[in-house]
Each structure stands twice: as structure tokens, then as C-alpha cells.
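Structure first, commentary second.
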Amino acid sequence: MTTSDRLILGVPSKGRLMEQTAEAFAAAGLTLRKTGNERGYRGEIAEVAEVDVAFVSASEIANYLKTGRVHLGVTGADLVNEQMSDATTRVSFLRELGFGHADVVVAVPDCWIDVRTMADLAEIAMPFRRAHGRCYRVATKYLNLTRRFFAARGLADYRIVESLGATEGTPAAGTAELIVDITTTGTTLKANGLRILDDGLILRSQANLIASNVAPWTPATRATMDKITDSMAALRA
């Protein structure tokens, strides 16, 4: 088998996501394991010799799928849709894996009692600018998802503040008025005095097995992909 006929699979390199990915593959009878140094970033599937596993961050996996550096990857739908405006054509979502659940949402201070929807957010834009001499600020790590979601609802008078830390703390810190962030239970948002808008759900995300449509596929790599997906077909959704 030539190098070009080997399938490259990107999986999360650390933490709970790595553990859950290994568990999901194991449940399908596929053993993910590292080769060489246990702290290394290369691996294999014991039962499918034609696979090279790359252990990288979930964000990098989304980028590798986008550019075709991996054939398959396990990462969150939120990261894929953030990095790709054309995700529906650039990749194929093969299977939801049942872990890594998170919703990308728009949340405002709970004291904004008259702001319940995105339309309300649009209505306060001009009064806010008159009162403060500037547009309101939206703190987020999801710059592209935010821009697309806001544009689809006719919101333009705002400024994105890129968040590099705990996004939910930015309104209390005075660095933003509202946020776009991920949440699983909403507990952290409530603890920071924030509330999700009634129609503020941007995306429901979880870990997926995803194929890159722009990777260098060959008949051999497609046959290998079929081995993996057939094995995982018996998993509960």
C-alpha cells in the first residue's frame, strides 16, 4: 500500500474529548492507541492497519478537515461551522457520537428585562448608541458564527470583542454588554447574571465523525473509511 492510500484520522489529543473518542471507537470494536512515545501525536487503529491516527486539538482537526490534511476527524460541529462558511460542501457529517454536547447561544444580562429576542436586541441598538455614544459590544470566541447569525437577523450595529478567556465574565467586567458562547446546562451563565435569548440558539453541537470532501481520496482510502463507518454503525445514536 502506498502512502497516498493510507487514511489519516484526526482525533482529539487530550482531556475528556480524547477519552470519550477512544471509548466510542472501542464500543465499535476499534482500538485507538498511540504509537511510539505515549506523549506523542501519532497513532493507529489496531484492527484497521490502513489508518494513520493524528492526535491534535479539536480546533486543529476542524482546520485539517477544511484543508484536506486528514480524511476523517472527530471534532465538534461548532468548531467546524465556525471555521467554514461552506461546511456543508467542504465536509460530510457522517455520525453524531453522543458526547461533547454544547449549545452556541446569545446571552444578555438578566437585568435587560425588555430584551427577550434578537428582534428586541435590534430595537435597542439605536437607543443604546444615543445613550452611550457607541454600539453595544458582543464578546465571543465564535466570530464567524456570530456575524452570520446576527446578519441573518438584520443586526449590524454592534461590535465584536474577541474573547480569549472566560467569555461569560466579560459583561460583569465591563468589557462587553452581551456574549455569544457555548453552554451545556446554563448554570455558568446564570451564575454570571446572564440569560439566553428566547431565539438565541445559534447551533446545537456535539462531537461528530466527519469526512473531508477536499482530502485526497483514493479507492483504497474510501474502502478504509467504509470499514470504520460500518464498525460504528451499530453504535447507539
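Here, each number is a calculation from the coordinates, and none is a lab measurement. All values derive from a computational prediction rather than experimental measurement. Cβ placement follows ideal geometry from the backbone for every residue including glycine, while neighbour counts extend to all protein chains displayed.
Give me the dipole magnitude in Debye, nearest 20, for the range 102-204 about the Cα centre, with unit charges on the beta carbon: positive for Lys and Arg, negative for Asp and Glu.
Working: 13 positive and 12 negative charges, 60 e Å.
In debye, rounded to 20, the range 102-204 gives about 280.
For the range 102-204, the residue among Thr185, Leu197, Thr167 whose Cα projects farthest onto the positive side of the dipole built from Cβ charges is Thr167.
Compared with the dominant principal axis of the Cα atoms in the chain, helix 58-67 is inclined by about 70°. For Val56, the residues whose amide H sits under 5 Å from its own are Val11, Ser13, ignoring neighbours fewer than 5 places away on the same chain, with H placed 1.01 Å from N.
When the expected Rg is taken as 2.2 N^0.38 Å, what fraction or multiple of it is the alpha-carbon Rg of the range 105-154? Normalised by 2.2 N^0.38 Å, the Cα Rg of the range 105-154 equals 1.16.
Mean residue ellipticity, 222 nm, helices only, the chain: the sum of -39500 (n - 2.57) across DSSP H runs of n ≥ 4, divided by residue count and rounded to 500, is -9000 deg cm²/dmol. The C-alpha radius of gyration of the chain, expressed as a fraction of 2.2 N^0.38 Å, stands at 1.17. Backbone N atoms of the range 141-157 closer than 18 Å to the 7 Å Cα→Cβ label point of Thr117 belong to residues 149-156. Neighbour counting of Cβ atoms within 10 Å sorts the residues Tyr158, Tyr136, Tyr142, fewest neighbours leading, into Tyr136, Tyr158, Tyr142. In sequence order, the range 70-75 has phi-based couplings of 10, 7, 10, x, 10, 7 Hz under the Karplus curve 6.51 cos²θ - 1.76 cosθ + 1.60, θ = phi - 60°, and Gly or Pro positions carry x.
With Rh defined as the Kirkwood radius, the inverse of the mean 1/r over Cα pairs, the Rg/Rh of the range 102-204 is 0.92.
Net charge in the neighbourhood of Thr117 (other residues with Cβ under 11 Å of its Cβ; Lys, Arg +1, Asp, Glu -1) is -3. Between Thr31 and Ala46, Glu47, the built amide H atoms are under 5 Å apart, and every one of these is 5 or more places off in sequence or on another chain.
Distance distribution P(r), the range 27-93, all Cα-Cα pairs, bin width 10 angstrom from 0: 20, 45, 30, 6 percent. Counting DSSP beta bridges in the range 102-204, what percent are antiparallel, to the nearest 5? DSSP beta bridges in the range 102-204 are roughly 60 percent antiparallel.
Compared with the dominant Cα axis of the chain, that is its longest principal axis, helix 143-152 is turned about 60°. Close amide H pairs (under 5 Å, H built 1.01 Å from N) link Leu194 with Asp110, residues at least 5 positions away or on another chain. Take every pair of alpha-carbon atoms less than 8 Å apart whose residues are at least six positions apart; their mean separation over the length of the range 126-229 yields a relative contact order of 24 percent. Contact order for the chain, expressed relative to its length and based on alpha carbon pairs under 8 Å spaced 6+ residues apart, stands at 30 percent. The distance linking the range 134-163 with the range 44-63 is 34 Å (Cα centroid to Cα centroid, whole angstrom).
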